[in-house]
Amino acid sequence: MGNTTKRAKGATKELGGKAERKLGRVLGSQRMEARGGARELEGKAEKESAKARERAKGALEEAKGRLRQKANR
């Protein structure tokens, strides 16, 4: 599964959790509100993790490029 897919799944989970949390608040269900909040945070963590992997991969590619340039001088 690629980072884009992981990022999308995290965003979907975050959005679903946010909706569940708000619905729990409206219905007065502390359990639903807490479960939604936990799911929202889990999705956010997954999304941020995928972003961090993308940034690390980009930094690695940039470093490789700089090394190749120096080697070709």
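The values are calculated or read from the model by the stated rules, or taken from the named source; none is laboratory data. Just so you know, these numbers come straight off a predicted model, no measurement behind them. Counting neighbours? That spans all protein chains shown, and the Cβs are built from the backbone with ideal geometry, glycine included.
Tabulated values for the structure
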quantity	calculated
Test for R39: is it closer than 23 Å to T4 by Cα, charged (D, E, K, R) and touching a residue at least 12 places away in the same chain (Cβ under 8 Å)	yes
Some residue of region 15-23 being charged (D, E, K, R) and either loosely packed, with under 15 Cβ neighbours inside 10 Å or in contact (Cβ under 8 Å) with a residue 24 or more places away in the chain (or both)	no
Top-ranked residue of region 31-54 - restricted to ones that are among the basic types (K, R) and more than 16 Å from the chain's Cα centre (by Cα), ranked as surrounded by the fewest Cβ atoms within 10 Å (Cβ to Cβ)	R31
Where a residue in region 1-14 is within 9 Å of E46 (Cα to Cα) and surrounded by 10 or more Cβ atoms within 10 Å (Cβ to Cβ) and its partner, wherever it lies, is of a type in the set (A, V, I, L, M, F, W, C) and at pLDDT 85 or above, with Cβ under 7 Å and at least six apart	K6/A50; R7/A50; G10/A50
Among residues of region 16-30, those that are more than 15 Å from K44 (Cα to Cα), within 24 Å of the chain's Cα centre (by Cα) and of a type in the set (G, A, S), counted	1
Of residues in region 1-37 being in a loop (DSSP other than H, G, I, E, B) and not polar (S, T, N, Q), the one nearest to E48 (Cα to Cα)	G2
